[in-house]
Every structure is written in C-alpha cells, then in structure tokens.
1. Give me the pairs: first residue in segment 24-44 and more than 20 Å from ARG67 (Cα to Cα) and in contact (Cβ under 8 Å) with a residue 24 or more places away in the chain, second residue surrounded by fewer than 17 Cβ atoms within 10 Å (Cβ to Cβ) and of a type in the set (A, V, I, L, M, F, W, C), beta-carbon distance under 6 Å, and six or more apart or on different chains, which are they?
2. Name the helices (runs of 4 or more DSSP H) wholly inside the chain in which the number of residues that are touching a strand residue (DSSP E or B) at 6+ places or on another chain (Cβ under 9 Å) and exposed (fewer than 13 other Cβ atoms within 10 Å of the Cβ) is 2 or more.
Amino acid sequence: MGVVIWADERVRFVLILLLVAVLGLTFWETRERQFEPKATRWWLTFVLLTHAFGYLLLRGYTIYADRKTR
C-alpha cells in the first residue's frame, strides 16, 4: 500500500476500483465452480492480499482442474 499513499486521488480510486473488480471476478468464479464457502473465503482473502497475481493463480488452478477432470 506504500505506492497508493504516494498516488494522487484519481490513481488511488482506479486501484481500489480494480481491486474491487478482481474480488468480484474471484467471487463469481468460485461460486460458478461451486466451491465450498470456506474455499471461497480463502480465495477472496488470497486475491485481496496478492491482487491480480492471486486472480491469475485462481484461473490457472481452475483451468488445470478442468483439464484433469476430462
């Protein structure tokens, strides 16, 4: 969050908006895949802490799981 402190208000707003969007996509992805509520909370927390990198890991995990079940 150190970078956010230096950013002006517009940049800070965009970063927060992007974080909310990534959290929404994470929630949507986990509910669509019918993850347990505990797993959904875990992924939301992970994405909150790691932002876009965590969301990319979630997407990679779901793609791997889909290929494994085929």
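Readers should treat all values here as calculations from the given coordinates under stated rules, not as data from a laboratory. None of the values given here were measured: they were computed from a predicted structure. We place every Cβ from the backbone using ideal geometry, glycine too, and count neighbours over all the protein chains shown.
1. Every condition considered, no pair remains.
2. Helices (runs of 4 or more DSSP H) meeting the threshold: none at all.
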